[in-house]
Amino acid sequence: MLEHAQRILKDVFGYDSFRGRQGAIIERVASGGDALVLMPTGGGKSLCFQVPALLREGLAVVVSPLIALMDDQVATLDELGVAAVALNSTLSNDEQREIAERIKRGEVKMLYLAPERLVQPRMLSFLQNLEIALFAIDEAHCVSQWGHDFRPEYLQLGQLAELFPNVPRIALTATADMRTREEIVQRLHLQNAERFLSSFDRPNIFYRIVPKEQPRKQLLNFLAARKGDAGIVYCLSRKKVEEVASFLSEQGYPALPYHAGLANELRAYHQKRFLNEEGLIMVATIAFGMGIDKPNVRFVAHLDLPKSLEAYYQETGRAGRDGLPADAWMAYGLQDVIFLKQMLNNSEGDERHKRVEQHKLDAMLALCEETRCRRQSLLAYFDEDMPQPCGHCDNCMDGVQTWDATEPARQALSAIYRTGQRYGVGHLVDVLLGRDNDKIRTVGHQHLAVFGIGKAFAEGEWRSLFRQLVARGLADVDLEGFGGLRLSDSCRPLLKGEVSLQLRRDLKPQQSAKASSSAASQLVRGEERGQWDALRALRRKLAEEHGVPPYVIFPDATLLEMLRSKPSTLAEMARVSGVGARKLERYGEAFLAVLGAGDDAPRAVVDLRHELVSLARAGMTPAQIASQLSCSEKNVYGLLAEAIGRQQLSLEQALDVPEALLGEIQDAFLDGEGELPPVAAISEQFAGRVELGILHCVRAALQAEFEA
Ligand code: ADP
Ligand code: ZN
């Protein structure tokens, strides 16, 4: 059996060996047993049911909560030559009937559908008349009421056990905690399932948390080494999402906003672009998350602090699903702590609930101020013991200096106390540094004993100290919401001199920036760039021809291996991990040709304009063209508008804007009488929704029409 599974792995999926417990899981399910699989994101869950599906007779039924997830998997299987279909509400009745016919004729191997559809009586009786290979229940934690992804329809999946007693069922999730696990077993009637627990470590992710000083500048520093990489930047508020997205775009990093306040259509459009294009940055609130299966997200950056380690783990986990190096980077500061604590205080809900939330926030803060290995600390929170420091986080790599902060901490606490426990950090630091300003004079704080006792330290050091006092619960934030600090009960031993206090010494920003160019940016070495870009360009072209995201053609890891092992024959190409029989046949020659061209082939000097027109005609979006030609998106839009004006390009070739939106823009231009208004006259109306460049292109097209 395992031998047969190995052959399928190589022939169909193009991989040489199973990862982790995949082999054991596949054996269990293929031989008819139930399984509960807990594996982190990127661990390779899909193969755990896809391979048994191919080993067993009959139709495999896969339950998945989101259409986007289903479509992605179906497209991937399709490329591998496996007959898979997704039944969802976007299909017409005729299409659905046709799929049913194909299933009856035994032409479909894998059927993806949403839980509510599966449990319809008609669907169940349809399936009962067929041979079913297995049921796979993906994202099985959706059955748990405690998680935030609860889907009531999942509760009904328990009946599969009774209706299909002889069909193996496999439930899969990346949510690890014990409570969720037990709920899955109980609600899905998986008492007889063998449990497969993997480590939740994500070894390819490099964790870094830096003190927040000038967050935008820090973000730019972080991004500088990652130009052309796809990533997600999380912010807490919609407003900030919009601001950061336009800031990044101005700085030459193609970025799109994503939050619950955007029109559905636009949100879906941004998500689609993120999946289909390379090197786009999504600036998002946590509304952007589940259903993001893009494997080559190279970084996740947090500009605001998540509320819990669960959230942090889940959000950072969206980086590096493909197993290649990826970064989790976060800038965190006192304001974050104050903000989240106040939000908690003001939230609805009972005391018990608040205490739980408080506890979760404290764990998050402890990770931020951690002086030991971040990964050890993160995994320990999820009850996983990691014996050695990881060597792959900021603390392991840079080392953490601690210092004895007992005395200055006492000074800081007494400054809080002497000023009446109602001032924010800014004022407290002024007092400690003995600054002579109006506010100090007005309230007479220049007469306090603590005035000016802290001159031995710089402002930044005091801020760092206050932040750590609050993070450790030695000082509290006021409940009124003005950011004033108070003493907490737990600071007494420190004030009385009974305990000492060791704190982290913050790195200087330039130090942390330098050290933060972790492995991700070194995926491709300088001399390989040319060929790497050529391989990616070919992949992009094929993806567009096939109407799938680039990673469905080949994942980055496969391209990277081609780059390194330089196959020169189809037989050698077949050995590359990720090249199965079907893909070899379809794409082998084309990629060999690119590799054979070598990077020393003289690159023709092409006119930028000429190249731009042909790229646009080939269906590339402006962002893709920008990264292909290494120029800014703004520049690309300008050139596109020119080309449209010269009628070398049609608007449809140049842009991929939803029709309704395009109509809206055209209407705006045509609203007035006579002359076409300048872009500036209507840009206000589309601010934050439509890039300026798009407006220029639309105007150019209308202008050309007028003149014709
Ligand atoms: P999950 O659903 O657990 O997040 P996926 O099933 O999407 O993970 O797999 C993540 C990536 O790892 C995919 O690109 C997949 O093709 C790849 N992968 C899975 N199993 C193997 C394997 N045995 N060898 C090589 N690559 C694998
Ligand atoms: Zn570490």
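From the residues in region 91-134 that are touching a helix residue (DSSP H, G or I) at 6+ places or on another chain (Cβ under 7 Å) and farther than 14 Å from Leu59 by Cα, which one is most open to solvent (accessible area, probe 1.4 Å)?
Out of the qualifying residues, it is Glu116.
Condition test on Gly460, is it small (Gly, Ala, Ser), assigned to a helix (DSSP H, G or I), touching a residue at least 40 places away in the same chain (Cβ under 8 Å) and not assigned by TED's automatic domain parsing to the domain that holds Lys341?
yes
Of all residues in region 175-214, which are open to solvent by 70 Å² or more (accessible area, probe 1.4 Å) and in a helix (DSSP H, G or I)?
The answer is Met178, Arg179, Glu182, Gln186.
State which residue is modelled with the lowest pLDDT when the search covers only region 601-635 and only residues that are open to solvent by less than 50 Å² (accessible area, probe 1.4 Å) and farther than 16 Å from Tyr253 by Cβ.
So the residue we want is Ala601.
Name the single residue that is surrounded by the fewest Cβ atoms within 10 Å (Cβ to Cβ) among those in region 636-680 being among the hydrophobic types (A, V, I, L, M, F, W, C) and not in a helix (DSSP H, G or I).
Restricting to residues being among the hydrophobic types (A, V, I, L, M, F, W, C) and not in a helix (DSSP H, G or I), the top hit is Leu676.
Hey, can you tell me all the residues within region 215-267 that are of a type outside the set (Ser, Thr, Tyr) and in a strand (DSSP E or B)?
Within region 215-267, Ala230, Gly231, Ile232, Val233, Ala255, Leu256, Pro257 meet the criteria.
State all residues of region 539-571 that are more than 15 Å from ligand 1 (Cβ to nearest atom), touching a Leu at 6+ places or on another chain (Cβ under 9 Å) and assigned to a helix (DSSP H, G or I); if no residue qualifies, say none.
Within region 539-571, Leu563, Leu570 qualify.
Scan Glu107, Glu27, Glu79, Glu57 and give me the residue that is outside the structural domain of Leu542 (by TED's automatic domain parsing), among the acidic types (Asp, Glu), away from ligand 1 (no atom under 13 Å from the Cβ) and in a helix (DSSP H, G or I).
Values: Glu107 fails: in a helix (DSSP H, G or I); Glu79 fails: away from ligand 1 (no atom under 13 Å from the Cβ); Glu57 fails: in a helix (DSSP H, G or I).
Result of the check over Glu107, Glu27, Glu79, Glu57: Glu27.
May I ask you to verify whether Arg169 is buried (at least 20 other Cβ atoms within 10 Å of the Cβ) and within 16 Å of ligand 2 (Cβ to nearest atom)?
The answer is no for Arg169.
Report yes if some residue within region 472-486 is over 29 Å from Tyr313 (Cβ atoms) and without any contact (Cβ under 8 Å) to a residue 24 or more places away in the chain; otherwise report no.
Yes, there is a match, as at least one residue in region 472-486 is over 29 Å from Tyr313 (Cβ atoms) and without any contact (Cβ under 8 Å) to a residue 24 or more places away in the chain.
I need a count of the residues in region 425-452 that are of a type in the set (Lys, Arg) and exposed (fewer than 12 other Cβ atoms within 10 Å of the Cβ). Let's see the steps before the verdict.
Residues of region 425-452 that are of a type in the set (Lys, Arg), as a first pass: 435, 439, 441.
With the extra rule that they be exposed (fewer than 12 other Cβ atoms within 10 Å of the Cβ), the set shrinks to 441.
So the count comes out to 1.
Hey, can you tell me all the residues within region 279-311 that are free of Cβ contacts under 8 Å to residues at least 60 places away in the same chain and surrounded by 23 or more Cβ atoms within 10 Å (Cβ to Cβ)?
Within region 279-311, Ile281, Met282, Val283, Ala284, Phe288 qualify.
Residue under question is Ala230, and the condition is that it be closer than 17 Å to Val300 by Cβ, under 18 Å from the mean Cα position of the chain (by Cα) and touching a residue at least 40 places away in the same chain (Cβ under 8 Å); does it hold?
yes
Does at least one position in region 398-414 carry a residue that is within 16 Å of ligand 2 (Cβ to nearest atom) and over 20 Å from Val210 (Cα atoms)?
No: zero hits.
Is it the case that region 340-351 has a residue that's in a loop (DSSP other than H, G, I, E, B), free of Cβ contacts under 8 Å to residues at least 12 places away in the same chain and among the polar types (S, T, N, Q)? Before the answer, list the steps.
Of all residues in region 340-351, those in a loop (DSSP other than H, G, I, E, B) come to 347-350.
Those left that are additionally free of Cβ contacts under 8 Å to residues at least 12 places away in the same chain: 347-350.
Still in the list and also among the polar types (S, T, N, Q): 347.
Yes, that holds for at least one residue.
Restricting to region 31-54, name every residue that is open to solvent by 20 Å² or more (accessible area, probe 1.4 Å), in a helix (DSSP H, G or I) and either aromatic (Phe, Trp, Tyr) or over 27 Å from Asn204 (Cα atoms) (or both).
Leu54
Name the residue, out of Glu370, Glu315, Glu384, that is acidic (Asp, Glu), within 12 Å of ligand 2 (Cβ to nearest atom) and open to solvent by less than 50 Å² (accessible area, probe 1.4 Å).
It is Glu370.
Pairs needed: first member in region 380-394, farther than 16 Å from Ile209 by Cα; second member anywhere, among the basic types (Lys, Arg) and away from ligand 1 (no atom under 16 Å from the Cβ); C-beta distance under 9 Å; at least 6 residues apart or different chains.
So the pair list comes out as Met386/Arg375; Pro389/Arg372; Pro389/Arg375.
What do you reckon, is Leu365 within 16 Å of ligand 1 (Cβ to nearest atom) and either hydrophobic (A, V, I, L, M, F, W, C) or modelled with pLDDT of 90 or more (or both)?
no
Has region 129-139 got at least one residue that is closer than 22 Å to Leu55 by Cβ, among the charged types (D, E, K, R), within 16 Å of ligand 1 (Cβ to nearest atom) and not assigned by TED's automatic domain parsing to the domain that holds Ala287?
Yes, region 129-139 contains at least one residue that is closer than 22 Å to Leu55 by Cβ, among the charged types (D, E, K, R), within 16 Å of ligand 1 (Cβ to nearest atom) and not assigned by TED's automatic domain parsing to the domain that holds Ala287.
The values are calculated or read from the model by the stated rules, or taken from the named source; none is laboratory data. Remember, it's a predicted structure, so these values are computed and weren't measured experimentally. Cβ: placed from backbone, ideal geometry, glycine included. Neighbour counts: every protein chain shown. Quick note on the areas: whole protein, heavy atoms, side chains included, nothing else; ligands and nucleic acids left out. Shrake-Rupley method; radii C 1.70, N 1.55, O 1.52, S 1.80 Å.
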